[in-house]
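Okay, so here's the structure we're looking at.
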Amino acid sequence: MKRSLFQHIIRLFPAETTHAIRMALLRFVGYLPLGKWALRKSLAPSDTSLEREVMGIHFRNPIGIAAGFDSNGDYLTELGAAGFGFVEIGSVTPRPQPGTPRPRLRRLRKQQSLINNSGAPNRGLEQAMRNIRRRNRHTYDLVIGCNIGKLTTSPRSRIVKEYLRVFRNMYQYVDFFVINLACNTSAKQYVPRTREEILSLVEPMFEFRRGQLDYRPILVKVSPDMSKEELDMVVDILIETPLDGIEAVAGSTALNNGERGAVCGAMLTERAIEVVRYVAERSEHNYPIIGCGGMMTEEDVRRMFEAGASLIALNSGIRENGLKLLRRAAKVATKK
Ligand SMILES: Cc1cc2nc3c(=O)[nH]c(=O)nc-3n(C[C@H](O)[C@H](O)[C@H](O)COP(=O)(O)O)c2cc1C
């Protein structure tokens, strides 16, 4: 994808700084008189054929933001004004966690990829709730998902309790949930990977949801490093339980050449599309899939939709190529 001069300049900074500059500018423009209008005019896709009904939720368009881009929901107003269909905040943990010391996000320039070793830094459940409560009218038709993750320091025995705590508290604030089954790269972590472990996480959530007036879809986010058998097992859970969908994929710790961290960006594109295609075929295209991973260009997005994704979540594509990717990606969906 051709980059503007601005994109070339901010990519001279380390990857995490590039992101911070972009988000600070987005906020600055949003503060200006007519700033949010300008964001909408210059970035937001407007075609009404982009609207989608997925998981019983109305999306103004199927292009959204993946976890780890706006972890605390700090920029919901700006991302809403910019026209994204949804923002998945998180991973949210019950308490704040600082993540790994910097530098923790490395750019692989030639490969248009990033190695993420950030350890899911976020300001915790309370701050995420505050940010969502504060959102303004520009976010009214922005769908918000909450990705739930594990506190790095928590022992394995607490994980079910902690995930449920975030789920229950966020239930009234967000539209859907994503349970992260991929590895938080900051430590040799427990990752729920067996059928029993995954069920022990989601079943208390199903139980809580049964007692609520409003229905919040629950998805699990799979790792690109899962074997065929592991993916089959997740799809079986999808078919046999009230689980609503799958997000594929998180960063890969198999593509990182031994370096600590998860590979995101262009190096992930082929595997992400492959996993989405596999999961879609295995579930006979009957369930929603959020396609994520290596969506750097409109061509990647087109192929991800063709593979069976109902929605697309962007992260590295915007970090590396800028917010204009939203409109280009949406164009592909218009033609769909
Ligand atoms: C800096 C950074 C932080 C991330 N943090 C999280 C996270 O907290 N939880 C999560 O589920 N995924 C997280 N991810 C993974 C992304 O949501 C996404 O699955 C992955 O980056 C692949 O998409 P991409 O190739 O478009 O970046 C993070 C990715 C990056 C680059």
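Extents of the range 1-146, largest first, come to 40, 40, 32 Å (Cα atoms, principal axes, whole angstrom). Taking a threshold of 23 Å on the Cα-Cα distance, which of the pairs Lys41/Lys221; Lys36/Lys150; Lys41/Lys331 fall above it? Those over the limit are Lys41/Lys221; Lys36/Lys150.
Where a ≥ b ≥ c are the square roots of the eigenvalues of the C-alpha gyration tensor, would you call the range 83-149 rounded, which needs a/c under 1.5, or, failing that, prolate if a/b is larger than b/c, or oblate? It comes out oblate by the Cα gyration axes.
DSSP beta bridges fully contained in the range 73-151 are about 45 percent antiparallel. Mean projected area of the convex hull spanned by the Cα atoms of the range 110-155, taken over all viewing directions: 5.6 nm².
Note on the range 5-335: the C-alpha convex hull projects to 15.4 nm² when averaged across all orientations. Its Cα centre serving as origin, the chain has a Cβ charge dipole (Lys and Arg +1, Asp and Glu -1) of approximately 1560 debye. Note on the chain: helix-only mean residue ellipticity at 222 nm, from DSSP H runs of 4+ residues weighted -39500 (n - 2.57) and normalised by residue number, equals -12000 deg cm²/dmol. Each Lys and Arg Cβ is given +1 and each Asp and Glu Cβ -1; about its Cα centre, the range 1-154 then shows a dipole of about 580 debye. Candidate cross-link partners of Lys2 among the aspartates and glutamates, defined by an alpha-carbon separation under 19 Å and a same-chain spacing of 8 or more, comprise Glu298, Glu299, Asp300, Glu320. Taken along its principal axes, the alpha carbon cloud of the range 253-329 reaches lengths of 36, 32, 15 Å, longest axis first.
Need one number: % antiparallel among DSSP beta bridges in the chain, to the nearest 5. Of those bridges, close to 30 percent are antiparallel. Shown here: the range 194-264, whose C-alpha atoms stretch 47, 22, 17 Å along the first, second and third principal axes, sorted largest to smallest.
Remark: relative contact order (the range 5-335) = 18 percent; criterion is Cα-Cα distance under 8 angstrom and separation of 6 or more residues. Annotation: extensible slack from Arg165 through Met233 equals 21.9 nm (criterion: 0.36 nm per residue apart, minus Cα-Cα distance). Secondary structure note: in the range 183-295, about 10% of the DSSP beta bridges are antiparallel. Restricting the range 1-38 to trypsin sites (Lys or Arg not before Pro) that sit in a DSSP loop and have at most 13 other Cβ atoms within 10 Å of their own Cβ leaves Lys2.
Computed from the coordinates by the stated procedures, all read-outs in this text should not be read as laboratory data. Computed from a predicted structure; not experimentally measured. Backbone-built Cβ (ideal geometry, glycine too); neighbour counts: all protein chains shown.
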